[in-house]
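Participant: Dumping the structure here so I can ask a few things about it.
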Amino acid sequence: GNSVTQMEGPVTLSEEAFLTINCTYTATGYPSLFWYVQYPGEGLQLLLKATKADDKGSNKGFEATYRKETTSFHLEKGSVQVSDSAVYFCALSEIGRGSTLGRLYFGRGTQLTVWP
Amino acid sequence: NAGVTQTPKFRVLKTGQSMTLLCAQDMNHEYMYWYRQDPGMGLRLIHYSVGEGTTAKGEVPDGYNVSRLKKQNFLLGLESAAPSQTSVYFCASSWASGNTIYFGEGSWLTVV
């Protein structure tokens, strides 16, 4: 079946530190991969996505590369800011044989706190 | 830009009471979803719809019902609320299978 595993939080960093949040997945078909971000008291927003192997998604200084050989989609940012404090969710959506829904399978989320 | 709008945003229910959460989207999306978010559990799919007049069960459908009478609206009902249904509920929508899914801002429900 489909599943997403992401690193446990919380992650606490100082401003300008390097961020990595690990995400690995299991899929039976050919998934698209996503990172969503949830700021306090808000819904989820799409941060970035990649739809095929070796694609790199990027947005707001965040990057993630779709690695089929390691079934990973790690989120990175070179220099975090206080405003990046949020919960980050890795997710996959499969389009493949028998799949007509495209539902998202989520990881459990990683809380990031950035201190000034 | 309205996007996906959920009402109400906050609600406190007594055990056994019923209520309906309303989700409305103005993007002409075919697919709509209801998720619940619980600490340490990520988001879990309750019910979904792939078009007007259609509904289907997700991962955790028990205790909930849904209806999609109009394309833009997706209603989530709790017929007899239980404390285990205390959660944050998110509605979402997308154009088609595999497309980006857009989320509402959430509805905080407490059942006492």
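Participant: A drop of at least 40 square angstrom in accessible area, chain alone versus all protein chains together, probe 1.4 Å. Which residues of the stretch B:69-112 meet that?
Facilitator: B:Ser97, B:Gly98, B:Thr100, B:Ile101, B:Phe103
Participant: Summing +1 for each Lys or Arg and -1 for each Asp or Glu, what net charge is found among the other residues whose Cβ lies under 10 Å from the Cβ of A:Val37?
Facilitator: Once positives and negatives cancel, what remains is -1.
Participant: Quick one: net charge around B:Pro39, please, counting Lys, Arg +1 and Asp, Glu -1 for every other residue with C-beta under 15 Å from its C-beta.
Facilitator: So the environment of B:Pro39 carries a net charge of +1.
Participant: What FRET efficiency do you get for A:Thr20 and B:Gln72 if R0 is 41 Å and r is their Cβ-Cβ distance, rounded to the nearest 0.05?
Facilitator: About 0.55, to the nearest 0.05.
Participant: On the principal axes of its Cα set, how long, how wide and how thick is chain B? Give whole Å, largest value first.
Facilitator: Principal extents (Cα only, largest first): 37, 27, 26 Å.
Participant: Hey, another quick one. Given a 1.4 Å probe and the protein chains all in place, what does the accessible area of B:Arg11 round to, in Å² to the nearest 10?
Facilitator: Counting only protein heavy atoms, the figure is 100 Å².
Participant: Show A:Thr51, A:Thr71, B:Thr100 ordered by accessible area, largest first, where the area counts protein heavy atoms only and the probe is 1.4 Å.
Facilitator: The most accessible residue leads, giving A:Thr51, A:Thr71, B:Thr100.
Participant: Would the stretch B:36-102 count as rounded, prolate or oblate if I go by the C-alpha gyration tensor, calling it rounded below 1.5 in a/c and otherwise prolate when a/b exceeds b/c, oblate otherwise? Mind dumping the intermediate values first?
Facilitator: Numbers: a/c = 2.27, a/b = 1.33, b/c = 1.71.
Since a/c reaches 1.5 but b/c is at least a/b, the shape of the stretch B:36-102 is classed as oblate.
Participant: Along the Cα→Cβ direction, 7 angstrom out, place labels at A:Tyr30 and B:Phe10. What is the inter-label distance in nm?
Facilitator: Placing both labels 7 Å beyond Cα along the Cβ direction yields 4.8 nm.
Participant: Can you send over the solvent-accessible area of B:Thr54, 1.4 Å probe, protein chains only, in Å² to the nearest 10?
Facilitator: Approximately 50 Å² of B:Thr54 is accessible to the 1.4 Å probe.
Participant: Something else: Taking Rh as the Kirkwood radius computed over C-alpha pairs, what is the Stokes-Einstein D of chain A at 10 °C in a medium of viscosity 1.306 mPa s, expressed in µm² per second?
Facilitator: 111
Participant: Kirkwood hydrodynamic radius, computed over distinct alpha-carbon pairs, for the protein assembly as shown: how many Å, to one decimal?
Facilitator: Final number for the Kirkwood radius of the protein assembly as shown is 18.1 Å.
Participant: Taking the Cα centre of chain B as the origin, how large is its charge dipole in debye, to the nearest 20, when only Lys and Arg (+1) and Asp and Glu (-1) carry charge on their Cβ atoms?
Facilitator: 180
Participant: Ignoring any ligand, DNA or RNA, what whole percent of the accessible area of chain A comes from carbon and sulfur when the probe is 1.4 angstrom?
Facilitator: On the way: 2710 of 5580 Å².
Result for chain A: 49 percent of the exposed heavy-atom area is carbon or sulfur.
Participant: Now for a different question. Determine the dipole magnitude for the protein assembly as shown: charges of +1 sit on the beta-carbon of Lys and Arg, -1 on that of Asp and Glu, nothing else is charged, the reference point is the Cα centre, and the result goes in debye to the nearest 20. All intermediate terms of the calculation are to be shown ahead of the outcome.
Facilitator: Details: 19 positive and 19 negative charges, 107 e Å.
Here the size comes out at about 520 debye.
Participant: Moving to a separate point now. From the Cα gyration tensor of the stretch A:34-97, with a ≥ b ≥ c the square roots of its eigenvalues, which class applies: rounded if a/c is under 1.5, or else prolate if a/b is larger than b/c, or else oblate?
Facilitator: oblate
Participant: With a 1.4 Å probe and every protein chain left in place, tell me how much accessible area A:Ser14 has, in Å² to the nearest 10.
Facilitator: 70
Participant: Quick check on chain A: of the DSSP beta bridges with both residues there, what percent are antiparallel, nearest 5%?
Facilitator: Numbers: 36 of 40 bridges.
Antiparallel bridges: around 90 percent, rounded to the nearest 5.
Participant: Pick out, from A:Ser32, A:Ser79, A:Phe89, the residue whose Cα sits farthest towards the positive end of the charge dipole of chain A, with +1 on the Cβ of Lys and Arg and -1 on the Cβ of Asp and Glu.
Facilitator: A:Ser32
Participant: How far apart, in nanometres, would the label points at A:Asp55 and B:Met19 be if each is projected 7 angstrom from Cα along the Cα-to-Cβ direction?
Facilitator: Between A:Asp55 and B:Met19, the simple spin-label model gives 3.8 nm.
The values are calculated or read from the model by the stated rules, or taken from the named source; none is laboratory data. Keep in mind that this is a model prediction, so the values were computed, not measured. Cβ atoms come from the backbone with ideal geometry, glycine included; neighbour counts cover every protein chain shown. Just the protein is used for accessible areas: all its heavy atoms, side chains included, with ligands, DNA and RNA removed. Shrake-Rupley method; radii C 1.70, N 1.55, O 1.52, S 1.80 Å.
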